[in-house]
Every structure is written in C-alpha cells, then in structure tokens.
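In what follows, a single structure is set out as structure tokens and then discussed.
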Amino acid sequence: MLSKMFKLFTYFSNPINLINMDRFEDLIKSIIIESRVEPVKIVKPIEQYTIDDEIKVVVGNRNGSLEYIVVEPEYDDEIIYAVSRIYAINPYCEDLVCIEKTIASSNDERLRQIFSKQPLNIAYYYKKVASGYGSLYPLVKDPYIEEIASSADDQYVSIIHRKYSWYGWMKTNIKVSEKGIDRIVLSLARKIGKHLSYTHPVAEGLTPEGLRISLTYGREVSRKGSSFVIRKKPISPWTITKLIDSGTLSALIASYLWLVMEFRGSILIVGGVSSGKTTLLQSLLTLIPPSRRVVSIEDTPELMGSTGYWDPLVERVVSVGEGVNIDMYSLLRFSLRRRADYLVVGEVRGVEARLLVQASRLGHGVLATLHAESASSALERLISPPISIPKKLLSNIWCIVVMENVHGIRRVKNVYEVGGDLKQYEIFRYSPTKGFMPKKPDDLVEKTVRLTSILEKEILIEELVSRTAFLEKLVSRGVFGIDSLSLELNNYYYEMLEGEVLQVEHTT
C-alpha cells in the first residue's frame with residue numbers, strides 16, 4: 001500500500017495532462033483491491049448501523065464471541081474509472097459536496113453519467129483511497145470505535161467498541177498480511193510525522209485527524225512483528241452534564257468538585273487503565289468559569305477544550321533532524337509565566353509533579369491525572385522516586401478522585417480529601433446497592449474540611465444545593481454540548497454577579 005501511495009504522489013508531481021490515465025486507473029484498482037474488506041457470513045446479528053450512508057456495520061455473536069463485521073459497497077470497473085478520474089482532478093476532497101463540484105468542473109460526460117447512477121459507492125472508494133488508511137478506513141470513520149489494533153501475527157484487526165466496551169477487544173473481518181501491516185505502520189508513521197525503521201522501531205504521535213497512534217516496526221522490539229494501536233477521541237468533548245447523565249458521577253459530586261476548582265484547589269484524578277481519568281478531567285474543564293485562563297499540558301493532545309480561555313501546550317520530541325526536545329517539566333515552568341488561573345496536566349509521570357505542587361501553593365488551580373489504583377498508592381507514587389515530593393507538601397492536594405472501570409462501566413469510585421498527615425478522609429463513595437453516597441448536601445458538608453474552612457456551613461449548603469439543582473436541570477434538558485453548556489454557565493455566573501452587585505448597592 002505504501003509503495004502504491006508513493007506512486008500516487010509521483011503522479012501528482014507531474015502536470016495532470018501528462019498522467020497516463022490507463023496506468024493510473026490500474027494503480028487505483030490495485031489499491032482498492034488490496035484494501036478490500038474480507039466478506040464473511042453474518043451470524044446472529046445483535047446490532048446493525050450505517051456510517052455516512054456508505055458503510056454497513058454489523059455486530060454479531062459467533063459461537064459466544066462478539067465480532068465486528070464491515071460490509072462495504074460493491075465496486076466495478078465503472079467505479080474504478082470514476083474514482084481514478086476524480087482523484088486525478090482533485091485528490092484533496094473530504095466530502096460528497098467537494099466530489100460533486102470536482103465532477104461539475106470536468107468535461108468528462110462518461111464520468112458524470114457513472115456518478116449519477118451510484119454516487120455514494122464512488123464517494124466511498126474515493127475517500128478510502130484519499131484517506132491513506134487503506135483497509136482501516138471504515139474503522140477510522142466509525143464514531144463508536146474507541147481503539148483499533150493489530151500486529152503482523154494477528155492477521156485480523158481488532159477494535160474496542162464504545163457501546164460494547166464491557167466485552168473488551170472484538171475481532172473484525174478486516175484481514176491484513178504481514179507485509180500489509182508493515183506498509184500500514186509505515187504509512188501511519190508518515191501521518192504522525194515520525195521516522196520509523198529497524199534502527200528506530202518505535203514511534204507514537206497524533207494524526208491531523210486527532211488519532212493517537214502507537215507503532216512498532218519489524219520484530220526488533222515486538223515479538224509479534226510490526227504493530228499499531230490507534231486510539232480515537234470522541235467527536236465532541238465529554239461535558240460534565242454528559243457524564244452525570246451517563247452515571248459516571250452524581251450532580252452533587254460534580255458540584256463539590258466545581259467549588260473546589262472555583263477556590264483554586266488542586267484535584268488529582270487517579271485510576272487504572274481505561275478507567276475514565278482523562279474523560280473526567282475533560283468534563284471538569286467544562287465547569288471552568290468563562291472568564292478564567294486555562295493552560296493544559298500534555299505529551300499527546302487528548303483534551304478538547306474548556307469553557308474558559310484555553311491555552312493548550314504539547315510536548316515536543318525531536319526524533320530526526322535539528323531541534324530541541326521540550327518536555328512537560330519545561331512546559332510547566334513556562335506556563336507559570338502565562339498568568340494561568342488553572343494548570344492542567346494530562347498525565348503526571350515524573351518530576352513535573354513537584355512543580356504542580358508548587359503551583360498550587362502559589363494560588364493556581366491544579367487538575368491532573370495519575371496512574372494509580374487508589375488514593376494511597378497515588379500518594380505513595382508521589383513521595384517515591386522519580387517524583388520524590390516531600391510529604392509535608394502533599395497537603396497542597398485538596399482532593400483525590402478515584403476512578404474505576406467495572407465491566408466497561410466507568411465511574412467515580414471514591415473522593416478523598418488529603419489531610420496534613422497524609423491521611424485520606426473519604427468524602428464520597430460509590431455503593432453497588434445505594435449508589436453515590438452521600439446524597440444530601442447537608443451530609444457532605446459534615447465530611448468536607450477543605451470547603452468548610454473557606455465557607456460557613458449554611459452558605460456552603462446553599463451553594464451545593466444551588467449548583468446541584470442547576471446541573472440536574474441542564475441534564476434533564478439535554479444540555480450536553482460544550483457550546484450550549486458554556487452559554488448556560490455564562491448566564492449562571494452573570495446572575496450570580498448581578499446578585500452580588502445588587503447586594504453591595506443595597507448595603508451602601
């Protein structure tokens with residue numbers, strides 16, 4: 001596939017009128033055939049849906065195992081003719097509208113007639129060729145897929161489906177040979193702008209479409225040969241209202257964390273692999289007051305925005321050529337001079353945690369994730385090498401949120417406040433029989449030390465009641481988009497400010 005895609009680039013280094021269209025058509029045909037999805041008999045379908053009106057997807061049960069089946073549109077010589085002509089005129093279309101305009105600009109009457117008969121099939125194969133993802137294209141387009149993976153020895157590509165994440169990895173009917181995996185891995189390396197070879201057999205990065213990719217090449221580091229793992233982020237960011245609606249946390253927990261953030265406290269989100277740490281972090285960013293500045297720092301960008309003024313920074317790792325590596329520690333030091341109200345670190349791994357603690361002491365709000373199964377193990381990681389934060393400084397962490405993933409259901413398991421002696425005081429917990437506890441703001445106020453040290457109990461109860469009711473109302477109205485939530489937050493803060501101004505005027 002890579003060599004054939006390279007031939008495409010070679011063709012377009014020459015004027016269009018110099019292209020040998022017969023040979024070009026043969027090249028397009030070979031790419032379509034090589035990337036064709038293997039047809040299989042569908043057994044016990046559980047769910048069916050279509051993507052872009054072009055690709056049919058069936059989730060089936062074969063002998064007790066879930067499988068993900070892609071059914072592609074049929075193709076023939078006329079479709080190959082049309083795709084090659086459209087691609088020769090314009091290889092950069094991303095949607096049907098662009099393809100239609102490209103055809104309208106052509107004098108090829110045969111092309112117009114073919115397109116009028118089967119526009120969706122032609123559009124599908126054009127976009128598949130143009131994408132550079134080859135046989136992975138249907139998986140990249142499916143919004144329900146979270147992760148895509150395969151290796152040279154696996155033969156078949158596997159996926160994790162958002163609606164069936166409780167099941168784990170699901171086999172697809174997309175089969176790729178060992179040489180095909182090599183070509184896909186090299187093509188993906190080009191997309192993330194990284195060098196991959198036997199001397200540099202590992203690479204990771206982000207594609208222009210926002211796919212997070214991890215690659216190995218050959219059998220230098222992977223015993224199963226060349227391999228890839230592709231992580232897809234949601235089309236739209238997770239908002240706090242969407243998480244409340246999905247049962248990840250309660251409106252009262254969200255209100256508590258909202259107040260902690262408003263008072264510039266530090267929140268550490270911990271949990272195991274795929275427990276929803278980054279998702280919760282993303283949702284908390286949608287509660288940032290609209291007039292506040294947020295600086296986020298990540299090794300690979302996954303966060304998708306904030307309701308405040310957002311300043312996203314990303315690590316830079318130079319693998320080939322000139323340049324300077326810029327790690328998270330350097331970015332964090334740099335961000336302290338950018339007048340940030342909130343500092344957000346996608347995942348704490350090393351000494352940058354020390355700067356986060358210092359930032360919290362200086363009055364910045366701090367949000368970060370850490371890989372740890374419990375609050376105790378998180379604190380143990382922070383005081384142990386290579387992070388080595390002195391115990392007396394860890395009291396700057398206001399609260400630790402522990403996430404869990406049980407049979408594909410991600411939720412807040414516990415919330416702890418950290419005392420000066422590193423003792424953890426449980427504020428919230430999830431009970432399989434009772435749900436999130438406590439359920440009443442009055443009971444929560446009796447547990448929190450951080451917030452009662454700032455607000456009187458009566459005022460704190462009023463705030464929690466007001467914010468919980470506000471969030472529950474938004475959930476009931478289906479306000480899940482970041483833009484609509486931002487507008488509601490603006491109104492909320494405006495009414496709050498207006499009330500304070502009226503109170504001051506009345507007092508004076």
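The values are calculated or read from the model by the stated rules, or taken from the named source; none is laboratory data. Predicted model only: the values in this text are computed from it and were never measured. Reconstructed Cβ throughout: ideal geometry from the backbone, glycine too, with neighbour counts over all protein chains shown. Quick note on the areas: whole protein, heavy atoms, side chains included, nothing else; ligands and nucleic acids left out. Shrake-Rupley method; radii C 1.70, N 1.55, O 1.52, S 1.80 Å.
A count restricted to segment 117-140 and to residues that are outside any helix (DSSP H, G or I) and open to solvent by 20 Å² or more (accessible area, probe 1.4 Å) stands at 1.
Could you tell me which residue of segment 402-413 is surrounded by the fewest Cβ atoms within 10 Å (Cβ to Cβ), considering only residues that are modelled with pLDDT of 95 or more and out of contact with any helix residue (DSSP H, G or I) (no Cβ under 7 Å at 6 or more places or on another chain)?
E404
If you go through segment 38-93 and keep only what is in contact (Cβ under 8 Å) with a residue 60 or more places away in the chain and among the hydrophobic types (A, V, I, L, M, F, W, C), you end up with V40, I51, I55, V57, V59, L66, I69, V70, A88, I89.
Restricting G420, G435 to residues that are under 19 Å from T248 (Cβ atoms) and surrounded by fewer than 18 Cβ atoms within 10 Å (Cβ to Cβ) narrows the list to G435. The set of residues in segment 252-271 being open to solvent by 10 Å² or more (accessible area, probe 1.4 Å) and within 22 Å of the chain's Cα centre (by Cα) consists of L268 alone. Look at (1) surrounded by fewer than 13 Cβ atoms within 10 Å (Cβ to Cβ); (2) in contact (Cβ under 8 Å) with a residue 12 or more places away in the chain; (3) not β-branched (V, I, T) and you find that N325 fails only one, number (2). When residues in segment 90-100 are screened for being open to solvent by 60 Å² or more (accessible area, probe 1.4 Å) and either over 18 Å from D53 (Cβ atoms) or assigned to a helix (DSSP H, G or I) (or both), 3 of them pass. Per the listing R429, R450, the residue uniquely touching a Cys at 6+ places or on another chain (Cβ under 8 Å), open to solvent by 20 Å² or more (accessible area, probe 1.4 Å) and not small (G, A, S) is R450. Scanning segment 156-189 for residues that are farther than 17 Å from I31 by Cβ, of a type in the set (A, V, I, L, M) and either out of contact with any strand residue (DSSP E or B) (no Cβ under 7 Å at 6 or more places or on another chain) or open to solvent by 30 Å² or more (accessible area, probe 1.4 Å) (or both) returns no hits.
For segment 440-455, indicate whether the set of residues that are under 23 Å from V270 (Cβ atoms), in contact (Cβ under 8 Å) with a residue 24 or more places away in the chain and in contact with a Gly (Cβ under 8 Å, 6 or more places away or on another chain) is non-empty. The answer is yes; a qualifying residue exists. Exactly one residue among V185, V221, V202, V229 is in contact (Cβ under 8 Å) with a residue 40 or more places away in the chain and more than 30 Å from F480 (Cα to Cα), and that residue is V185.
Restricting attention to segment 201-251, the residues that are within 30 Å of K473 (Cα to Cα) and either in a loop (DSSP other than H, G, I, E, B) or open to solvent by 10 Å² or more (accessible area, probe 1.4 Å) (or both) total 15. With respect to being in contact with a Cys (Cβ under 9 Å, 6 or more places away or on another chain), within 26 Å of L27 (Cβ to Cβ), among the aliphatic types (A, V, I, L, M) and crowded, with 19+ Cβ neighbours inside 10 Å, A152 falls outside the description.
Residues that are open to solvent by 30 Å² or more (accessible area, probe 1.4 Å) and in contact (Cβ under 8 Å) with a residue 12 or more places away in the chain within segment 101-116 comprise S105, D108, R110, listed in sequence order. Whenever a residue of segment 138-156 is on the phi > 0 side of the Ramachandran plot, it has no partner that is surrounded by fewer than 18 Cβ atoms within 10 Å (Cβ to Cβ) and outside any strand (DSSP E or B) lying with C-beta atoms less than 6 angstrom away and at least six residues away or across chains. Taking first residues from segment 334-362 that are touching a residue at least 24 places away in the same chain (Cβ under 8 Å) and partners that are open to solvent by 50 Å² or more (accessible area, probe 1.4 Å) and among the aromatic types (F, W, Y), the Cβ contacts under 7 Å between residues at least 6 apart in sequence or on separate chains come to V351/Y329; E352/Y329; L355/Y329. Taken together, the residues in segment 149-179 that are more than 17 Å from E72 (Cα to Cα), aliphatic (A, V, I, L, M) and in a strand (DSSP E or B) amount to 4.
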